[in-house]
Each structure stands twice: as structure tokens, then as C-alpha cells.
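The values are calculated or read from the model by the stated rules, or taken from the named source; none is laboratory data. This structure is a prediction, so every number in the text was calculated from the model and none was measured. Backbone-built Cβ (ideal geometry, glycine too); neighbour counts: all protein chains shown. Remember, those area values only see protein heavy atoms, side chains included, never the ligands or the DNA or RNA. Shrake-Rupley method; radii C 1.70, N 1.55, O 1.52, S 1.80 Å.
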Amino acid sequence: MRKIQFILIAIAFFTVILLIVSLVRNTPPPENSKPMENLPPQGVAMQLSNVHYEQIDQNGFKEWALDAQSAQVFNEEKKIVLKKLDVIFFSAKGKGFTLVADQGELYTDSKDVAVSGNVVTTTDQGFQIESDSLQYSSQDRTISTTDKVTLRGNNMVMKGTGMIIDVEKETLSLLEEVKASEQK
């Protein structure tokens, strides 16, 4: 009789275990274990929205200030990829060049910036410069391009290929194929 009781208890025990295993296998995963949406691409160490960044030199002088809609930090490549950015470059006299672009890259080791897509730069004097891309050299404090450039202001339009802006000296040079006309 004891043997029959032991067998019935063992069968009941194994039946309960099989029922529990079946329930666990068929239970949907909890909400927090579902795959996350909008994960950053491979290699992105950090992804940020509504970014503000300022570059200050060793004397406490603000060289430039950057605002971007989004940023992705790539530590291995030592760069930050930016979307919808607005940068103000300051001269020693406090005057600035405002630059807007669709996208850009900030190189974290050199503090250089490269931008592209609907690039428009505006000076404190109201001149507007349009180009496909621009590069900022932190070491030289210059903004340059080898692309076509259109400069508008003071009732004139100048077009050329290649440009260098010296932020410190507050000078602008169009390099090749320069043509000027009166703006109507």
C-alpha cells in the first residue's frame, strides 16, 4: 500500500512539473524584454538629442559654440556625427560667423568640424555664403572648402570655386573662377 501511495505522489509531482514547464515555455516575454526600437548603429557609444557643445581655448576664450538636433558618438573613430547643426565661430574681437548645415562631423582629437548639406554661413556684417560643404580647422582657425561658393551681400553676388575664411583676421578669400555681379 505504501508503494502505491509513493507511486501516485511521484506521478502527481511529475505532472505538476510538466505543467509548469509547459506554461513557462508558452508565456510571452515581459514588456521590458522586447527588442528596443531606434537602437543606434554598431559602433555608436552614445546617442544624444538636442546637443549643445562649446569649444573653449586654454585662455578661456570661446572659439565656437555648436547646437545640433542629434549626435552619435563613435569612440573608436574619434568623431561625433551630427544632424541639423548650427555653429557660431567667434573671432578674437568677438565677431562671429554663423554656419548651418544638414549634417556634420566633429573630430574629437583635433576639434575640427566638417559639414555638408545645405551649408549656409552668415557673417556679422550680413554676408551670406552658400556651399555644398565646409571644413573648420581648429589649429588654423579657418573655414574652407574646395566646392563652388556663392557670396551674397551689399547688393552684390560673388561666385567662385574654393574659399578660405580666417576667423581670427576676419577675412574671406574666394580662390578660383571668381565672378561678381550686382544683386537686384
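Taken over region 81-95, the criterion of being over 16 Å from L134 (Cα atoms) and not polar (S, T, N, Q) is satisfied by F90, A92, K93, G94, K95. Scanning region 49-73 for residues that are surrounded by 18 or more Cβ atoms within 10 Å (Cβ to Cβ) and either of a type in the set (F, W, Y) or touching a helix residue (DSSP H, G or I) at 6+ places or on another chain (Cβ under 8 Å) (or both) returns a single hit, W64. Per the conditions (1) buried (at least 17 other Cβ atoms within 10 Å of the Cβ); (2) over 24 Å from Q55 (Cβ atoms), the sole criterion not satisfied by V119 is (2).
Yes/no matrix, rows are residues, columns are (1) in a loop (DSSP other than H, G, I, E, B); (2) modelled with pLDDT of 90 or more:
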position	(1), (2)
L85	no, yes
A92	yes, no
V100	no, yes
D109	yes, yes
S116	no, yes
G126	yes, no
L134	no, yes
I164	no, yes
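Taking the criterion of being among the β-branched types (V, I, T) and within 14 Å of A101 (Cβ to Cβ), the residues of region 121-135 that qualify are T121, T122, I129. Can you give me the number of residues within region 127-173 that are over 21 Å from V113 (Cβ atoms), open to solvent by less than 50 Å² (accessible area, probe 1.4 Å) and in contact with a Leu (Cβ under 8 Å, 6 or more places away or on another chain)? Residues meeting the conditions: 4.
So is E182 on the phi > 0 side of the Ramachandran plot and either over 29 Å from the mean Cα position of the chain (by Cα) or surrounded by 15 or more Cβ atoms within 10 Å (Cβ to Cβ) (or both) or not? The answer is no for E182.
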